[in-house]
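To start, the structure itself, in structure tokens.
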Amino acid sequence: MSEYNKTLMITGGAGFIGSHLVRLFVNKYPAYRIINLDALTYAGNLENLRDVESAPNYIFEKGDITDQDAMDELFNRYNFDAVIHLAAESHVDRSIADPLAFVKTNVVGTCTLLNVGRKHWSGKEEGKLFYHVSTDEVFGSLGKEGYFTESSPYDPRSPYSASKAASDHFVMAYHHTYGLPTIISNCSNNYGSHHFPEKLIPLMINNIKTNRPLPVYGKGENVRDWLYVDDHALAIDLIFHKGRIGEKYNIGGFNEWKNIDIVHLLCSIMDKKLGRPPGESAKLISFVKDRPGHDMRYAIDPTKLNKELGWKPSLQFEEGLEKTVDWYLQNEIWVKQVTSGEYQHYYEKQYHK
Ligand code: NAD
Ligand code: DAU
């Protein structure tokens, strides 16, 4: 008899959201054995999990979700009760430069896991769960009005969102065709600590700190709906335990911001924290060529999650952003580590082409 009452694989646990989720589950559920499966791509970093790595209920396994034999061996070894699947290529700009990498990881990788899950759980579905973590970008782009609900039609417009949409469809197909017990959640933009500085908020924080231009795509009018990463992790926790099999849940906090307004807000927070005169950091703003096919607006309607499971975000944006800036200022070594090497090549290609 195992000393644990559940064995759970979290894929992509060394990444931004995955590391927050692993930390939450390892600390909150000592009776769960948590296996973090991650390929440690440029976006995966075990430094993100230093504080939990010696916990008795935590195990790290390096592996690639597209490797069927390796996934099969892990299912054999650990006899998982559940998978929470976050591993993915996650950056839209990289998907524009290299779409096939996204097809491989997000589509083929997800299907590989679904196949292995089906093989091991067939006839023993009771109590099992394949939880797929997805994005609001699968619904496409909104105009000034309206929100994405769980029944909004899929309309992905970037290679990243097309690959995530395909993965969602495969998850639903495995549920309907083979009875695999699945749940999907689609979340809006996350922000917080350990966010790789290729994404808007950490990139701007890093560039403000180091006095480099702040590259705002187009006119900066595009709108994103921002959620603190720990609120996303808490929503996943709730859905994992109380969500209904076969369902989808949208996660978001009614917190829409134009990109340019976020950049100004970050500049003013950082002017204060760095002792710069008001307006100093904003002089770094530089409007650059727009992202091809740039989605105008995302906005999530989280009513189902709120009504069914009682979820609400805990933090106001300004408070979350201050905490985030403080973390980056206090963790210069982390930033230096992740921005050396590959990041320099990426940055050069993306912003100086
Ligand atoms: P991230 O890029 O920070 O982390 C992805 C992780 O997956 C990394 O640790 C990486 O090493 C790992 N990985 C990549 N390819 C792999 C492979 N083939 N095999 C095993 N591991 C692999 O991503 P994130 O921002 O933390 O996003 C996590 C998930 O949440 C993704 O599925 C993403 O689509 C989804 N999501 C992200 C956001 C957001 O705002 N960041 C919002 C909604 C949904
Ligand atoms: O909506 C959820 C999605 O949010 C997740 O599924 C993705 O994994 C995640 O990367 C994020 O996608 P976005 O494309 O919205 O995030 P990003 O941080 O790349 O960009 C946010 C906005 O800022 C977007 O409108 C593009 C703009 N931007 C981004 C960068 C990196 C800039 O203006 N300049 C930049 O340098």
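Every read-out reported here was derived from the displayed coordinates using simple, explicitly stated rules and does not represent laboratory data. As the structure is a computational prediction, the values presented were derived from the model and not from experiment. Note: ideal-geometry Cβ built from the backbone for every residue, glycine included; neighbour counts use all protein chains shown.
Each Lys and Arg Cβ is given +1 and each Asp and Glu Cβ -1; about its Cα centre, the chain then shows a dipole of about 340 debye.
Given a Förster radius of 22 Å and the C-beta distance between ARG50 and GLU322 as r, what FRET efficiency does 1/(1 + (r/R0)^6) yield to the nearest 0.05? If you can, show how the numbers build up before the last one.
Numbers: r = 24 Å, r/R0 = 1.07.
Efficiency, rounded to the nearest 0.05: 0.40.
Peptide packing: for 303-314, 250-261, 167-178, the average count of neighbouring Cβ atoms within 10 Å per residue gives the ranking 250-261, 167-178, 303-314, highest mean first. The modelled label-to-label distance between ARG118 and GLU247, using points 7 Å beyond Cα along the C-beta direction, is 2.5 nm.
Rounded to the nearest 20 debye, the dipole size of the stretch 202-241 about its Cα centre is 400 debye, using +1 on the Cβ of Lys and Arg and -1 on the Cβ of Asp and Glu.
The DSSP beta bridges internal to the chain are antiparallel in roughly 5% of cases.
Under the criterion of Cα pairs below 8 Å and six or more residues apart, the relative contact order for the stretch 1-145 equals 24 percent.
Given a Förster distance of 25 angstrom, what is the FRET efficiency for ASP72 paired with GLU3, based on the Cβ-Cβ distance and rounded to 0.05? Don't jump to the answer; show the numbers that get you there.
Working: r = 25 Å, r/R0 = 1.00.
After rounding, the FRET efficiency stands at 0.50.
Remind me, relative contact order of the chain in percent, using alpha carbon pairs under 8 angstrom and six or more residues apart?
Details: 641 pairs, mean separation 58.6, N = 353.
Normalised by residue count, the contact order of the chain is 17 percent.
Segment GLU126..TYR154, full-extension length gain: 7.1 nm, with 0.36 nm per residue of separation and the alpha-carbon distance subtracted. Measuring nothing but how far apart in sequence close Cα pairs (under 8 Å, 6+ apart) lie, relative to its length, the stretch 222-262 scores a relative contact order of 71 percent. Backbone N atoms of the stretch 4-26 closer than 20 Å to the 7 Å Cα→Cβ label point of ILE59 belong to residues 4-15, 19, 21-26. What the Cβ-Cβ distance of ALA282 and TYR351 gives, at R0 = 25 Å and to the nearest 0.05, is a FRET efficiency of 0.85.
222 nm [θ] for the chain, helices only, -39500 (n - 2.57) per DSSP H run of 4+, per residue, to 500?
Details: 13 runs with 145 residues, N = 353.
Rounded to the nearest 500, the figure is -12500 deg cm²/dmol.
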